[in-house]
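K.L.:
This is the structure I want to talk about, given as structure tokens.
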Amino acid sequence: MGQRGPLKIFNERGIIMNTTGFLYIASPYSKSDAKKREDRYMGVCATCAYFVRCGWTVYSPIAHWHPIAKAYGLPIDMEFWRKHDLVMLQFAWKMIVAMIQGWQDSDGIQEEIVFARKHRIPVEYFDTEALRL
């Protein structure tokens, strides 16, 4: 028997979707006041929704952890979240940087980019203006 590759699934645009991994969505967060953090959370949620609608499986530490951290008083700094974020990122098929206001100044995103490149995880940038954030 020949080897079988990953299952090929096509989205509504006829593009073959990757079925062996997930997109890691990086976004700015902690170096802001509570209102900006909430806005950034909503922005990355819109970004995740966009990629899910396109047929991708996604993980965003901010979309996942913001409501939990808020409800249970967990820290918001990268120092606390680094190990959690990098454990997930190492298994990602690709890293998407959500270009939400503040992304270029985010130490966390810069660290994630360095980690991704070191581990040969492709990094792409997504202009969230298209989503009217």
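K.L.:
Under 18 Å between C-alpha atoms is the cut-off here; go through region 16-133 and count lysine pairs that meet it, provided they're at least eight residues apart or on different chains.
P.N.:
Values: Lys31/Lys70; Lys35/Lys70; Lys36/Lys70; Lys83/Lys118; Lys94/Lys118.
So the count of such lysine pairs works out to 5.
K.L.:
Continuing with this model, one more query. Which far-off residues, 5 or more places away or on another chain, put their amide H under 5 Å from the one on Val97, with H placed in the peptide plane?
P.N.:
Under 5 Å from the amide H of Val97 lie the amide H atoms of Ala26, Glu124, Tyr125, Phe126, each far enough along the sequence or on another chain.
K.L.:
Diagonalise the Cα gyration tensor of region 19-131 and give the resulting equivalent ellipsoid semi-axes, square root of 5 times each eigenvalue, largest first, whole Å.
P.N.:
Numbers: eigenvalues 78, 53, 37 Å².
In descending order, the three semi-axes are 20, 16, 14 Å.
K.L.:
List, in order, the whole-Hz ³J(HN,Hα) value for each residue of region 33-39 obtained from phi through the Karplus relation with A = 6.51, B = -1.76, C = 1.60 and θ = phi - 60°; use x for Gly and Pro.
P.N.:
These are the phi-based 3J(HN,Hα) values: 7, 4, 5, 5, 4, 5, 4 Hz.
K.L.:
Follow-up. Which ³J(HN,Hα) values in Hz, rounded to whole numbers, follow from the phi angles of region 86-94 under the Karplus curve 6.51 cos²θ - 1.76 cosθ + 1.60, where θ = phi - 60° and Gly and Pro get x?
P.N.:
Result, rounded to whole Hz: 6, 4, 5, 4, 4, 9, 6, 6, 7.
The numbers here are math on the coordinates, done by the rules we state, and not lab data. All figures in this text were calculated on a predicted structure; none of them were measured in a lab.
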